[in-house]
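Student: Questions regarding the structure given below will be posed in turn.
The values are calculated or read from the model by the stated rules, or taken from the named source; none is laboratory data. The structure presented is a predicted model; accordingly, all values stated were derived computationally and were not measured. Here the Cβ positions follow ideal geometry from the backbone for every residue, glycine too, while neighbour counts run over all protein chains shown. For the accessible areas, the whole protein counts, side chains as well, though only heavy atoms, and no ligand, DNA or RNA atoms are used. Shrake-Rupley method; radii C 1.70, N 1.55, O 1.52, S 1.80 Å.
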Amino acid sequence: MAGNFWQSSHYQEWVLDKQELTSNRQADLQVITEDEYQKVMIFFANFIQVLGEQLKLRQQVIATATVYLKRFYSHNSLRCVDPLLLAPTCVFLASKVEEFGVISNSRLINTCQTVVKNKLAYAYAAEFPYRNNHILECEFYLLENLDCCLVVYQPYRPLLQYTQDLNADDNTVSVAWRLINDSLRTEVCLLYPPYMIALACLHMACVILNKDNKQWFAELHVNLEKVMEISRHLLALYQLWRGYDEKKEIQALLQKMPKPKTQPSRPPSSAQKDLNGQSKDLGVGGKHG
């Protein structure tokens, strides 16, 4: 993305603060704990990743879809829209925004069904319940909530610029790139500019690989305390992962989390035959916040 980040809607409207995030999710935190909320977000970020890989999408598309999901729930309760519906909707929208090309509705639904059945059976006993009309209706709802601010700047481009300036080797680039992917399981994409996320991941990669680049970092005209804050978010993620067995815990957690009051009421085989456009079939509840 070659535009000016500082003049973008990403910077002007979608770099939030932690207090705002915490305040907006209070309704959900009355039902689940903060750690449980993070586990739910990690699960659906992982779902987007697997879905994107199955669809052979570029990582940029997958990352943008994940940011859309996080932006939506930064202002809305989990009970507004079922994340199992919102996640593929974010992939559908991101593929168009990132100029990957439109994914056909049937291919998207078929891939969701395959992923849920073959890769997420530990989380869902039933098959993927949504159909084409649900995705299309949810897309309008997502666009409205994003206020049509669809351009997302990612840390990958600044990472490559920094590593070139640093003359970093391929191993350092690879580790930093994977750390950026991991950062999508945290909230840093909502809290910090992407160039800072790139610097934090590069710094962590240098520490992991015992590369002494202190002088290079010291000469940067950036707030290094903010960079360290991002590193702490990632370290907290790894600490959470260390004691978390998703395959054992997630099914109960998905049952416990807030949900739309109404779910798709018809069996999947008949859902597409009767398109009445009602929100009960969308897995959409009332807007929160």
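Student: Picking from Val67, Val50, which residue would you name as being on the phi < 0 side of the Ramachandran plot, part of a helix (DSSP H, G or I), open to solvent by less than 30 Å² (accessible area, probe 1.4 Å) and among the aliphatic types (A, V, I, L, M)?
Tutor: Val67
Student: Considering each of Lys256, Lys226 in turn, give the residue that is in contact (Cβ under 8 Å) with a residue 60 or more places away in the chain, of a type in the set (D, E, K, R) and not assigned by the TED database to the domain that holds Ile32.
Tutor: Only one candidate qualifies: Lys256.
Student: Shifting gears a bit: Mind listing whichever residues of region 94-111 are among the hydrophobic types (A, V, I, L, M, F, W, C) and either at pLDDT 95 or above or open to solvent by less than 10 Å² (accessible area, probe 1.4 Å) (or both)?
Tutor: Result: Ala94, Ile103, Leu108, Ile109.
Student: Filter the helices (runs of 4 or more DSSP H) completely within region 138-202 down to those with at least 2 residues that are free of Cβ contacts under 8 Å to residues at least 60 places away in the same chain, on the phi > 0 side of the Ramachandran plot and out of contact with any Leu (no Cβ under 8 Å at 6 or more places or on another chain).
Tutor: none
Student: Follow-up. Return yes or no: is Arg178 open to solvent by 50 Å² or more (accessible area, probe 1.4 Å), modelled with pLDDT of 95 or more, under 20 Å from the mean Cα position of the chain (by Cα) and under 20 Å from Val50 (Cα atoms)?
Tutor: It is true that Arg178 is open to solvent by 50 Å² or more (accessible area, probe 1.4 Å), modelled with pLDDT of 95 or more, under 20 Å from the mean Cα position of the chain (by Cα) and under 20 Å from Val50 (Cα atoms).
Student: Is one or more of the residues making up region 112-127 in a loop (DSSP other than H, G, I, E, B), more than 24 Å from Ile250 (Cα to Cα) and assigned by the TED database to the domain that holds Phe44?
Tutor: The answer is no; no qualifying residue exists.
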